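The values are calculated or read from the model by the stated rules, or taken from the named source; none is laboratory data. Since we're looking at a predicted model, the values are computed, not measured. Note: ideal-geometry Cβ built from the backbone for every residue, glycine included; neighbour counts use all protein chains shown.
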Amino acid sequence: MTSNQSDVNIKRKSIIVISIVLLVVIFVIIGIYKIFFKEYETYTVINGYAEKAVNTDAYIIKNEQVIELSNSNVTVPLIEQDKRIEKNGTIAIYKDSGYQEYLDKINKLDSQIEVLIKDLPYTYSTDLENINNDINKLINNSKKITSYIKMQEYKTKLNELANKKITLIGNLSPSGSKIQELITERKNIENEYKTSSFTIKSNMSGCVSYKIDNLENVADISKILDYKIEDFDKIKESYNNAGLSNFGIKVVDNFLAYIFVKIPNSENNQYIKENNTYDIRLVSKFEDNLKGTLVKTINDNENNIYCIFKINNNIEKLIDVREVDVEIIWKSVSGMSVLNSAINKTENNINYVRVISGGEYIDVPVKVIITSDTVSIVENYTKDELNNLDFNVNALKNNISLYDILMVNY
């Protein structure tokens with residue numbers, strides 16, 4: 001090997017060594033920079049809330065009474081699905097031998113009234129035009145319906161709109177006019193038929209439903225507080241195996257229902273207290289909230305707890321619902337909201353946050369009131385509490401306030 005080749009090899013090795021050393025130095029510098037000059041994520045303290053909640057399936061037990069119907073007669077509903085009715089109110093009528101004659105009389109009077117309206121030299125009301133538009137829309141939509149239950153619902157709505165229209169015309173017509181005379185005759189015929197022996201009346205007040213699922217007698221609402229775990233499990237199994245609804249008539253009490261849930265034992269148990277009232281959000285079907293009073297809890301042998309709530313509001317939303325996805329809010333607290341990742345602990349397990357103030361980083365102790373998955377609601381310590389803390393409190397700032405800037409993940 002010549003001396004020139006040797007010199008070239010030495011230079012190459014030197015370059016490699018120098019390059020390696022430079023890379024090491026660069027990585028060391030980057031590491032030092034990250035340690036001493038790290039750019040931290042920040043968070044602004046705001047007013048917020050944190051909740052302790054659980055999502056679960058809820059099973060609804062209602063006071064409902066099915067009305068026995070004659071199999072030999074066709075039923076014509078008079079009250080719209082889910083609408084309220086008083087005790088002894090007329091829900092529907094049977095199509096007896098005189099039903100067609102009754103319809104012919106009503107239709108004849110309606111035709112006469114329509115003719116008189118058209119002959120008038122002025123428009124009665126825009127409300128009348130709106131009702132006519134609603135009637136036409138319902139008629140068009142009903143042409144696509146094949147379900148008997150839905151057809152009856154549309155028929156009931158059409159009857160209600162027709163009555164609303166007649167009432168409006170009567171209010172707008174002069175007293176003693178021919179229109180008023182026809183309207184009075186129409187009402188008399190209608191009332192006479194609806195009070196005949198062919199009417200179907202309610203034996204309790206509540207909301208009307210024309211959907212029967214054969215689960216109406218699975219639970220006895222009067223015995224709920226005596227039920228055991230196996231009773232609730234049987235109800236749950238029956239509801240889970242429910243089939244399709246059939247046409248029928250029932251009335252559901254809209255002032256009382258019970259909801260029961262089965263949830264695993266957890267840290268939330270400390271908030272579960274009988275006779276307390278909780279918010280229950282209807283998650284899967286509605287956006288409404290229920291207020292439920294926890295009337296009974298039962299612990300099983302599998303580390304679960306059964307909670308039975310008494311409901312007195314928004315039951316109209318649940319008339320034909322057996323099972324619904326809910327979120328039960330065990331506790332909700334509002335106040336200064338802080339990201340969980342902004343809260344740290346000292347060696348003595350004192351919670352603190354690091355506030356950026358005037359270019360300085362100041363550690364401030366805080367009391368954590370409640371924690372959710374992402375945020376906590378915190379409060380400041382009192383002066384006496386601060387004096388008793390084994391914490392190096394910075395004299396410049398010993399509490400946090402709304403809109404303070406906090407360091408996160410340091």
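Structural remarks
- Unmet requirement for Leu161, which otherwise passes all of (1) at pLDDT 75 or above; (2) closer than 26 Å to Glu323 by Cα; (3) not assigned by TED's automatic domain parsing to the domain that holds Asn240: (2)
- All of (1) closer than 30 Å to Asp404 by Cβ; (2) free of Cβ contacts under 8 Å to residues at least 12 places away in the same chain; (3) charged (D, E, K, R) hold for Glu302 with one exception: (1).
- Scan region 186-214 for residues that are modelled with pLDDT under 85, not in a strand (DSSP E or B) and not hydrophobic (A, V, I, L, M, F, W, C) and the total you get is 10.
- Number of positions in region 333-353 that are assigned to a strand (DSSP E or B) and either surrounded by fewer than 20 Cβ atoms within 10 Å (Cβ to Cβ) or of a type outside the set (Val, Ile, Thr) (or both): 10
- Unmet criterion (only one of (1) surrounded by fewer than 18 Cβ atoms within 10 Å (Cβ to Cβ); (2) under 22 Å from Asn268 (Cβ atoms)) for Trp330: (1)
- One residue stands out in region 287-306 among those that are more than 28 Å from Ser376 (Cα to Cα) and at pLDDT below 90: the one that is surrounded by the most Cβ atoms within 10 Å (Cβ to Cβ), namely Asp300.
- Here Val252 fulfils each of the conditions (1) within 17 Å of Phe309 (Cα to Cα); (2) touching a residue at least 60 places away in the same chain (Cβ under 8 Å); (3) touching an Asp or Glu at 6+ places or on another chain (Cβ under 7 Å) apart from (1).
- Set side by side, the residues Phe247, Phe309, Phe260 differ, and just one is surrounded by fewer than 18 Cβ atoms within 10 Å (Cβ to Cβ) and either assigned to a strand (DSSP E or B) or charged (D, E, K, R) (or both), which is Phe247.
- Residue in region 79-116 that is surrounded by the fewest Cβ atoms within 10 Å (Cβ to Cβ), counting only those that are basic (Lys, Arg) and either more than 44 Å from the chain's Cα centre (by Cα) or closer than 17 Å to Ile166 by Cβ (or both): Lys108
- Close pairs (7 angstrom Cβ cut-off, 6 or more residues apart or separate chains): in the same structural domain as Val324 (by TED's automatic domain parsing) in region 219-240, assigned to a helix (DSSP H, G or I) anywhere: Ala219/Ile235
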